[in-house]
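Participant: What follows is a single structure, and I will ask about it in a moment.
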Amino acid sequence: MQQDPIGLNFYHGTGGYVWQLAETLQHDLNENIHTLALQKPTPPIAINSFAVYPRKLDSLAQVQWEKDVQIIKNKPALIGKRQIQPITVVSTKSSAFGGFDFLTFTALHEGCSVQSLKEIKLNGCLFDADNLLISLLRHGLIQTDQQAFSKDHATALLREPTCRIVNSPLGSLAINQLNGRTIRLNEKTKPLLQKATTEIHLQHPIEQTTIFFIKAGMLRLVK
């Protein structure tokens, strides 16, 4: 299994990994508390990788930001178009991050029901809220009062809506918009991710290649 190619994970041609820049933004908010040290970069994993939910959360379930997230206002976007992001939310536990519109930020700050959110603007793009909320859960950005199933209850695989496949001179790449991971795909993994836009039957035990993409936050286990 090919690991994350290093240069592709850098932020806009700099020498910094996007998840390290997310950590730097956190440090800027807490510079009197923490000391920031350079460390060997480790690609982040989705903190709740193997949490299993239905394809959509219950419409009456309550959702809100995780308690550990930090809110940064009016900073350059970490991923996507070069622009100033009104609200950037960063998880202190998982190095996941996202740029959100003010209405979504306010709703999740106060706590709301799933049915009250129709669409969410993430990194400048509109997503169906029902589907995106589970992605945010798996990456540790929000919490809910709906219980998750264990991975043993999973019956299918689904590609996260925040996982994009793009073509480049280096070949086909999968990009996780919630942590910046960029992984080069091969003749086996590209069809897997392409097919997973709709549910794929899951066989147990789960293959190591599939586990790799689940931990990377690109594939989701569903029931």
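FYI, it's all coordinate maths here, none of it is from the lab. Treat the numbers as computed from the prediction; the structure is a model and nothing was measured. All Cβ positions, even for glycine, are placed from backbone atoms using ideal geometry, and neighbour counts span all protein chains on display.
Participant: How would you rank Glu66, Glu119, Glu187, going from fewest to most other Cβ atoms within 10 Å of each one's own Cβ?
Facilitator: Glu187, Glu119, Glu66
Participant: I've got another one for you. For q = 0.24 Å⁻¹, what log10 I(q)/I(0) does segment 151-222 give under the Debye formula with an equal point scatterer on each alpha carbon and no solvent?
Facilitator: Cα-only, vacuum Debye calculation for segment 151-222: -1.11.
Participant: How do Arg184, Arg138 rank when sorted from fewest to most other Cβ atoms within 10 Å of their own Cβ?
Facilitator: Going from least to most buried by this count: Arg184, Arg138.
Participant: Continuing with the same structure: By count of other Cβ within 10 Å, fewest leading, how are Ser113, Ser91 ordered?
Facilitator: The most exposed by this proxy come first: Ser113, Ser91.
Participant: Take the Cα atoms of segment 74-223, build their convex hull, and give its volume per residue in Å³.
Facilitator: 122
Participant: My understanding is that a pair violates if its Cα-Cα distance is over 27 Å; which of Lys118/Lys223; Lys56/Lys151; Lys93/Lys121; Lys188/Lys223; Lys56/Lys195; Lys75/Lys188 do that in this structure?
Facilitator: Lys75/Lys188, as the Cα separations exceed 27 Å there.
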